[in-house]
Amino acid sequence: MLFLGNTWVKKGIGFIFASLICMNGAFAWITERPVHQTVSASSVMASLEQRVVAFVHGTVATIQYTAYKLGGQRFDPQKGVYVVDCSSFVDHVLRAVCPQAYSSLVNSSGTYNPTTKDYYHFFNQLSPEPHHYWSKVGAVKELQPGDILVFRSQPTYRLAHYSRKRHHRKVSAEGAGHVMIVMSKPIFDTDSFEVQVADSASAGHSDDTRMPHESGIGIGTLLLKVNLKTGQPYAYAWKMDSYFKNVKFAMARPVDMTALTEQVGDDQTYTD
């Protein structure tokens, strides 16, 4: 049995204190004691953030073998084997912890296995106000643990040659992308933000749980450069000592709308 941490778990209109454990690859909450506590909207959202982070840590703790594979979807917690790409990993976490948010994404994208392109376009359609189990995050400094960060590189172009007609045509190759889960609050350092993320990738970041030259699921730190006026990111460095690469970003937060609708109002609380 692996102990993963304590948190408040909602029960009815009250909360209970519980421990999250992992036993034989399965996750479970163990109730320790009932409590009576007032609950604000922010604390409800924080509870969802904690569940996302705890699930990721629990997954990483069970790893016996992991590898990055484009299109891979092998999740075997019993054996600790995970062979996935970045979007499959995030899809898996959302399905397990935030099923309503995942369903909203699936319904919008029209696919049960959303890719980085689907995440990017879906996030850009969101508003800062919670809606359809998501809210848009506008600036890096506003990122919280459990948020989703995605980027898309610029499309590349090449000249296609047609010898029969001796014509050339510019052909676009769709840009690549990457999607990650934010694991801690960003830290501003000099001219960029250090952001700890969880992802499935072909290589790890700085201060990473993956061994050098190991791919697959892990937790590490990358750098984000932001527009000083808007706070929005425009470039990333995969590691602390890597070069920055300009890309297009989108950021969003899964929201427990069911819990939020039980609030009487932003300034009101309820008790058991």
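Just so it is clear, none of the values below were taken in a lab; they were calculated from the coordinates. None of the values given here were measured: they were computed from a predicted structure. Glycine also receives a Cβ, built like all others from the backbone with ideal geometry; neighbour counts cover every protein chain displayed.
Annotation: amide H-H contacts under 5 Å for I219 (H modelled 1.01 Å from N, sequence separation of 5 or more, or interchain): T209, R210.
Distance distribution P(r), the range 68-261, all Cα-Cα pairs, bin width 5 angstrom from 0: 1, 7, 14, 19, 19, 15, 11, 6, 3, 2, 1, 0, 0 percent.
Considering only beta bridges that DSSP places wholly inside the range 68-261, some 100 percent are antiparallel. Judged by the mean number of other Cβ atoms found within 10 Å, the most tightly packed of the peptides 224-231, 213-220, 59-66 leads the ranking 213-220, 59-66, 224-231. Mean separation of Cα pairs under 8 Å and 6 or more residues apart, divided by the residue count, gives the range 68-261 a relative contact order of 22 percent.
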